[in-house]
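Asker: The structure is given below, and queries will be raised subsequently.
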Amino acid sequence: MTREELMQRTASNIRHLRKAKSLSQEQLALEAGLNPAFLGHIERCLKCPTIDTLNKIATALDVPLSVLVTFPDEQASPQGNQMQAEQIAAAISTVSSEDASKILEIVLDIVALIQKSKE
């Protein structure tokens, strides 16, 4: 994977998680202790964040650092599934417990349909 691909995929993960938590770039930057313009540059792949910066962003998003640097083509591994689970959890954390229960039911139904279609 090239440096540019790594930056693009990491930026995509940050953007996706930020939006899942209904945060603006400015809100996330402030929570992470970063300049909002700098976070915008990271999301647009104009700047390459250090590991310390990624850790600040992960902490502000309330996800492990590994979620920011695990990518969809790695989903077949247990680590990939863990990343997806953490992204789902991050998204669900923004809704009421009643809505979270509904989402869980939908996810379980989808999993059952996928497993049934493989039989």
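The values are calculated or read from the model by the stated rules, or taken from the named source; none is laboratory data. The model shown is predicted, which means the values in this text are computed figures rather than measured ones. Neighbour counts are summed over all protein chains in view; Cβ atoms, including those assigned to glycine, are modelled from backbone coordinates with ideal geometry. Each accessible area value is taken on the protein alone, full model and side chains, heavy atoms only, with ligands, DNA and RNA left out. Shrake-Rupley method; radii C 1.70, N 1.55, O 1.52, S 1.80 Å.
Asker: Given N residues in the chain, what is its alpha carbon radius of gyration divided by 2.2 N^0.38 Å?
Answerer: 1.16
Asker: Pulled fully out, how much extra length does the chain show between Gln84 and Ile103, if you take 0.36 nm times their separation in residues and subtract their Cα-Cα distance?
Answerer: Length difference between fully extended and current span is 5.4 nm.
Asker: Cross-link partners among lysines for Lys56, C-alpha distance below 29 Å, same-chain residues fewer than 8 apart left out?
Answerer: Within the straight-line cut-off, Lys56 pairs with Lys19, Lys21, Lys47.
Asker: Give the carbon-plus-sulfur fraction of the accessible surface of the chain in %, rounded to a whole number; probe 1.4 Å, heavy atoms of protein chains only.
Answerer: Using a 1.4 Å probe with all protein chains present, the chain comes out at 55 percent carbon and sulfur.
Asker: If the chain between Glu4 and Gln115 were fully stretched, how many nm would it gain, using 0.36 nm times the residue separation less the Cα-Cα distance?
Answerer: Here the answer is 36.3 nm.
Asker: Using the Cα centre as the reference, give the magnitude of the dipole from point charges on the C-beta atoms of the chain (Lys, Arg: +1; Asp, Glu: -1; all else neutral), rounded to the nearest 20 debye.
Answerer: 280
Asker: To continue, here is another question. For the range 1-111, what is the relative contact order in percent, using Cα pairs closer than 8 Å and at least 6 residues apart in sequence?
Answerer: 27
Asker: Please give the calculated 222 nm ellipticity per residue for the chain, where each DSSP H segment of at least 4 residues contributes -39500 (n - 2.57) and the sum is spread over every residue; nearest 500 deg cm²/dmol?
Answerer: About -22000 deg cm²/dmol.
Asker: Relative contact order (percent) for the range 1-62, with alpha-carbon contacts under 8 angstrom and 6 or more residues of separation?
Answerer: Value for the range 1-62: 37 percent.
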